[in-house]
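One structure is given here, and the rest of the page talks about it.
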Ligand code: Z15
């Protein structure tokens, strides 16, 4: 008979106890047990939060046996797994997702009803964990959902920020940031494991010592913090699998405290505590514009060192360290976790006493790197000064990696000093610093971009020398989104319609949406599809009214631009379109009655230190208040900017949209993922040939996509020729009138100074060529208006967008990573 590893003799201890019965009755019992025994309250005296917690705990209870079983099987069979290293996970609410994954939706709804509880009220109680800024963090959340659904062993490692992305409010149209205290009422989804804490070292110095005749270097750290893991379940969709997301929280170490406490300096000890806990205090709110702050580097090293240490201790255990590449691939989500490369080298060389070359062979196999940008200002560099102060041993290791690498470059390309300088991991100007993307590229077994165009530009423009030096290292994996959250949960109406038409199975095999193509020709299906869209608009209106007091007009086209506020994304182009339409009405050149009624919805947060982005937010709000209030517009144009756009709001807005704005300057948006969510929810895209737009257009066809603007090569040519935005201003009457109206103070109570910096930036700098693409954009918007007038044709196009975008499932992205980068088969 099997024996329990701990020698337990009770037969019930041999395996985890089974969960509650899969019935309404079983659910109710477990719910009440949790309410009474975990929350310590009777139903009659429970708060909404009590009931929400008890409900969440009940869902957890159903998933628990599977989680334990998956962990047991992984310990037993030792498969190769993915350790996804990401500083951000923009998870969104968990309750509905976990109900869906566990197949408990109907049972839970009925069970709550029997207890007199409105399950929608429970949903609304959850504060979403906003532990990410935008696309990069949401991508990580989609990827771990797909890996669980595909039964691939995975741990997502990251940081449990006490404060996630700030809550955005508007005061007089201007962004004001509030702290996101998402943990105030607690979170029922996390499992803290203080006993699993890992100690992370910082600072100090290195010293050499004699190791049996060889001189070696070692690190004498200056201070430590404890990293406490919090585990979250990541359930696969209806497959009985549960993976783990492990987020680290920083606390002071006992040793640190004790030493200071013993010295009698209580205040200093408390300060030390606060200092340590600062590390996981708050998410940095910059998206694609790193600030080079010391605390940020502390965060990066903190979570990466804890994660590697955790993997080695809990998963590799006593197995031969040389087998590490058979057991794990560490995927670097952008440069944020790249300090993991010298960290693994340090562990292998200094702690496990491997020879340098053997350690490097292992390290190279264990990492792969995803680049998410092309913007030069987004490519992280750390000053040698700062890095050497915080992580002196790592700096030494980076220098050695670089020396060895540059030796190889010399061997291959000769003493081409220019090339050596260009490829060096260490840059000398404007100050000596470490280029983290280069370090990742040298170390990674593969380097990937996130859409075809982006990967090609990465190879040809950003890292051409590396591409030449490392043939076969560079590859593309086009991003994707999870259809569970962004179609099934966000758009239940459409999901039902799809299932009625093509049956089940498409949610885990999204290419099956192709079977919808023939339905695009079916008038009944088109009518039903149109009705779903209309119902989604009504649902959005309810949310916007409740949340922000907005009144939305019926019969409008819903034109949506939701994404971080960044100049390269060109929210200003959208503003100029609105102002152009407004100006054409108020000047009497166009009858309001001849304008296609549109509601423009914006959602965007600006990094708190990004002055121009904040000014653009102010302008959008200012244009909105003027346009919305002007009777001459006759209500045919409406601008709505709900504050605090987040995953929860995205799930309402996207399914209601008619038109998706994807209007970045070609070559600047690495991929975009919002673009995929809109297309899969039946919005048509107006977009440039940028990022994944290119692939969306190829799939849906030119007839079902509104393309405008310069291509990436045309952008390059115009730059090379000497771009003069003022020439475009002079040459286009509409553009001039729109810009002049903004400059006149029409949207700022006559105060010309408020938006002057925006206008002069566009006229005399315009890095992202808004003015150059304006006329093409306005022409494309006219095509949109014409197309929308033919409801039947529009709906047909919308259906074809859904039918042809199955490629953008994050399951497909994961399959690409698995086949071409990770080589981690599913655990069947
Ligand atoms: C971020 O959200 C993205 C790139 C970055 O370098 C940083 Cl720091 C944050 C975005 C890209 O801008 C977007 O195009 C892409 O779809 C997303 O990452 C996921 O790859």
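What follows draws every value from the coordinates through simple rules; no lab data is involved. Note that the coordinates shown come from a computational prediction; the quantities given were computed from them, not determined experimentally. No Cβ is skipped: glycine too gets one built from the backbone with ideal geometry, and neighbour counts run over all protein chains shown.
What the table below lists for this structure:
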| item | result |
| --- | --- |
| Ranked 115, 83, criterion: other C-beta atoms within 10 Å, fewest first | 115, 83 |
| Rounded FRET efficiency, nearest 0.05, which uses the C-beta distance separating residue 15 from residue 625 and R0 of 56 Å | 0.35 |
| Length added when fully stretched, residue 178-residue 365, from 0.36 nm per residue minus Cα-Cα | 63.0 nm |
| Full-stretch length increase - residue 45, residue 431 - with 0.36 nm per residue and alpha-carbon distance subtracted | 132.7 nm |
| Mean Cβ neighbour count within 10 Å, used as a protection proxy, ranking 299-306, 97-104 highest first | 299-306, 97-104 |
| The stretch 626-660 versus the stretch 525-553: alpha-carbon centroid distance in Å | 11 Å |
| Å³ per residue enclosed by the Cα convex hull of the chain | 191 Å³ |
| DSSP beta bridge pairing in the chain, given as percent antiparallel to the nearest 5 | 45 percent |
| Linear extension gain, residue 785 paired with residue 214, 0.36 nm per residue minus alpha-carbon span | 198.0 nm |
| Convex hull volume per residue for the stretch 389-442, taking Cα atoms only, in Å³ | 77 Å³ |
| Pairwise label distance in nanometres, residue 420 with residue 524, each label 7 Å out on the Cα-Cβ vector | 7.6 nm |
| Virtual spin-label span in nm between residue 169 and residue 534, 7 Å along Cα→Cβ | 3.9 nm |
| Convex hull of the stretch 602-752 built on C-alpha atoms - directionally averaged projected area, nm² | 11.3 nm² |
| Mean projected area in nm² (Cα convex hull; one quarter of hull surface) for the stretch 1-73 | 6.3 nm² |
| Zone residues, the stretch 150-190, relative to residue 38, backbone N less than 20 Å from point 7 Å out along Cα-to-Cβ | 182-190 |
| Compactness index (Cα Rg / 2.2 N^0.38 Å), the stretch 701-828 | 1.56 |
| Separation of alpha-carbon centers, the stretch 422-445 and the stretch 761-828, rounded to whole Å | 33 Å |
| Evaluated over the stretch 524-647, the Cα radius of gyration and Dmax, each in Å | 15.5, 52 |
| Ordering of 265-272, 7-14 by packing [mean C-beta count within 10 Å, highest first] | 265-272, 7-14 |
| Computed FRET value (nearest 0.05) for residue 294 with residue 127, which takes r as the C-beta separation and R₀ as 35 Å | 0.75 |
| Alpha-carbon centroids, the stretch 153-210 and the stretch 269-320: separation in whole Å | 8 Å |
| Mean Cβ count within 10 Å, highest first, over the residues of peptides 701-709, 662-670 | 662-670, 701-709 |
| Reciprocal mean inverse distance between Cα atoms of the stretch 500-815 - Kirkwood radius, Å | 20.2 Å |
| Cα-projected label distance for residue 545 with residue 703, points at 7 Å along beta-carbon direction, nm | 3.9 nm |
